[in-house]
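Only one structure is covered here, and it is reproduced in the block below.
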Amino acid sequence: MAKFKKKKSAPTSDPDDSKIASIKNESDNIPETEKSDPEIPSKNPSFDEAEKSEKDKKLNKLFWMRVALAIIAGTAATFIFEDIEGEDKRWASIGFMIVIFLGTIIVAKSMKMQLPSSDRKKIFTQAIGSYVFLYLFTWIVTHTLVFGNSFSNGINI
């Protein structure tokens with residue numbers, strides 16, 4: 001932490017002169033550690049603002065595409081795997097979820113996003129949590145609404 005020296009200036013007779021003198025003294029007393037260099041180049045100048053906004057728009061489109069597909073595929077899985085019973089229905093639906101997600105990866109790669117090497121995995125990880133949870137939530141809710149009354153579990157409602 002920088003230490004500042006006390007101002008040692010001669011007393012002034014005019015009140016306005018003290019303000020001007022104090023401003024001059026403040027600029028002279030700035031320690032070297034706190035002087036800023038205005039010509040420091042940015043660390044990652046490879047992308048300008050237009051490329052960043054285009055990249056963000058494409059990632060945003062990918063996010064909402066996966067959210068919409070999760071809801072549509074979760075609902076469709078209820079009816080596609082209606083005839084399958086038990087554990088096989090569960091695994092078929094999870095396999096269907098994975099296939100649809102792999103399809104979104106192919107679509108994302110065809111969008112030709114110009115991502116830096118550090119962000120290449122965003123094509124795979126963008127909205128993966130939202131996709132999985134929305135798919136499972138939609139699948140469970142629609143399955144419950146469609147087939148909920150057809151099972152006899154011994155509880156009278």
Collect the residues in the range 100-115 that are without any contact (Cβ under 8 Å) to a residue 40 or more places away in the chain, within 19 Å of the chain's Cα centre (by Cα) and crowded, with 18+ Cβ neighbours inside 10 Å, keeping them in residue-number order.
PHE101
Regarding the range 61-76, can at least one residue be identified that is at pLDDT 80 or above and surrounded by fewer than 11 Cβ atoms within 10 Å (Cβ to Cβ)?
no
What about SER36, is it hydroxyl-bearing (Ser, Thr, Tyr), assigned to a loop (DSSP other than H, G, I, E, B), modelled with pLDDT under 60 and exposed (fewer than 13 other Cβ atoms within 10 Å of the Cβ)?
yes
What residue, among those in the range 120-141 that are exposed (fewer than 14 other Cβ atoms within 10 Å of the Cβ) and of a type outside the set (A, V, I, L, M), is farthest from the chain's Cα centre (by Cα)?
PHE137
Of the numbered conditions (1) within 28 Å of VAL141 (Cα to Cα); (2) surrounded by fewer than 10 Cβ atoms within 10 Å (Cβ to Cβ), ILE94 fails exactly one; give the number of that condition.
(2)
With the condition kept exactly as written, say whether any residue in the range 126-133 is modelled with pLDDT of 90 or more, closer than 23 Å to ASP56 by Cβ and hydroxyl-bearing (Ser, Thr, Tyr).
yes
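Residue-by-condition table, conditions (1) within 19 Å of the chain's Cα centre (by Cα); (2) of a type in the set (Val, Ile, Thr); (3) over 11 Å from TYR135 (Cβ atoms):
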{"site": "GLY74", "(1), (2), (3)": "no, no, no"}
{"site": "ASP83", "(1), (2), (3)": "no, no, yes"}
{"site": "GLU87", "(1), (2), (3)": "no, no, yes"}
{"site": "ILE98", "(1), (2), (3)": "no, yes, no"}
{"site": "SER117", "(1), (2), (3)": "yes, no, yes"}
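The values are calculated or read from the model by the stated rules, or taken from the named source; none is laboratory data. Here the structure is a predicted model, which is why all the values come from computation and not from measurement. Positions of Cβ are backbone-derived with ideal geometry, glycine not excepted, and every protein chain shown enters the neighbour counts.
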